[in-house]
Each structure stands twice: as structure tokens, then as C-alpha cells.
1. Can you list the aspartates and glutamates whose alpha carbon is less than 19 Å from that of residue 161, not counting same-chain residues fewer than 8 positions off?
2. Where a ≥ b ≥ c are the square roots of the eigenvalues of the C-alpha gyration tensor, would you call the chain rounded, which needs a/c under 1.5, or, failing that, prolate if a/b is larger than b/c, or oblate?
3. From the cross-link list 53/130; 30/129; 64/100; 30/130; 17/129, which pairs have alpha carbons spaced over 28 Å apart?
4. Could you list the trypsin sites (Lys or Arg not before Pro) in the range 1-101 that lie in coil according to DSSP, counting only those with at most 15 other Cβ atoms within 10 Å of their Cβ?
5. How about the range 1-71: which chymotrypsin sites (Phe, Trp or Tyr not before Pro) there lie in a loop by DSSP and see at most 11 other Cβ atoms within 10 Å?
6. Roughly speaking, what is the centre-to-centre gap between the range 81-135 and the range 138-152 when only Cα atoms are used, to the nearest Å?
Amino acid sequence: MKKQNLIIITGPSAVGKTAVAKELCKKFKKSVRLDIDRVKHFVASGFDYSNGKIGREQWDLCTKNIIQLTQSYLKSGYTVIIEGVLMNNENWQKIFKEFKSKNKFLLLANKKTLQARNSQRNAQTKMLKKDIERLFVEFLKDFYLKNFEVVENNNLEATIKNIYKQIQNIV
């Protein structure tokens, strides 16, 4: 049986999703990193993060685009790494239904590490302390703990090694 070519990485802001995804991409001959934030920002008029009608429509459209892009790259033989945050469990479920990947990772780090990493971000991507706290709590909910393999990311190198080893063991 062929190994899964799809890896999904999520977690709170400043946990290192992008850094881990970029490093994992280097381990595959053909790989692509689908950053959920970049897909959300296709909406040039501004993404609506609310749970209102427009916000839900935009989240749904973002999810459909992620699915279509993933299908296209998988069909062409790429390893696809989806990384980012969908703050809507129903949209994660759509991705899970479409792709039966066992390679779903929730990166977590302690609050001190998250705050230190956040302080190194540029002004455009830096989060407020209260938002880091809110997201930290959000990712400890049952949905994430039941649907993703939890990986502590207090050390980037160890995290990449751990995830890559787990991926190699899944068929």
C-alpha cells in the first residue's frame, strides 16, 4: 500500500506551523505547502473572520479551495502539507471527509514559548497576548485532541524529526 502524501498541521499562533511545514517540505522530492492564511487572503477586499453569513461563506470557500488545490497536487504526485488554522470544526470535517489522511498533527507549545516566538514576529503578524491566550485554550478542546496527533513543539528540530518518523511509519 502506498503511503499517504498528505500532512495536515494546525495549532495556535506562534507555535511554529509554518517553520515545521517548510522544513518537512524539504524532506520530499516533490512537495507543496498550502498555507491556509494565504488562501484566506485571496479575498482582496478583506477576509471576514466572524461567524456571520459572510464569514461562514468565506470559510467555506477557503475550505473548498484548499480541497481543490490539494486534490490537484496529490493527483500530480506531490506530497501536500496543509498548514494553518480553520477556526470552524465543520470545515475541518470537510477536509477529513475528502482526505482520509492519518497524518494530522496539532502542534502545541507552552505559553512562555508561544509568547517568546510571538515577540519575534513583525508588526503585521504579531498577535496580542489575549489572542494567544484565547487560541491556546481553543486548541485544547476535545475536537482537536480527538482528531489530531498532539506534538509538543518547544524544539523545532525535535518536532520535525518526530513528525517525519511518524509519517514514515504510517501506511
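1. List returned: 23, 83, 149, 152.
2. Values: a/c = 1.57, a/b = 1.11, b/c = 1.42.
Judged from the Cα gyration tensor, the chain comes out oblate (a/c at least 1.5, b/c at or above a/b).
3. On the way: 53/130 26 Å; 30/129 37 Å; 64/100 16 Å; 30/130 39 Å; 17/129 18 Å.
Violating the 28 Å limit, Cα to Cα: 30/129; 30/130.
4. On the way: sites: 2, 3, 17, 22, 26, 27, 29, 30, 33, 38, 40, 53, 56, 64, 75, 94, 97, 100; in loops: 2, 3, 26, 27, 29, 30, 100.
Sites meeting the loop and neighbour criteria: 2, 3, 26, 27, 29, 30, 100.
5. On the way: sites: 28, 42, 47, 49, 59; in loops: 28, 42, 47, 49.
Sites meeting the loop and neighbour criteria: 42, 49.
6. After rounding, the separation between the Cα centres reads 11 Å.
Readers should treat all values here as calculations from the given coordinates under stated rules, not as data from a laboratory. Since we're looking at a predicted model, the values are computed, not measured. We place every Cβ from the backbone using ideal geometry, glycine too, and count neighbours over all the protein chains shown.
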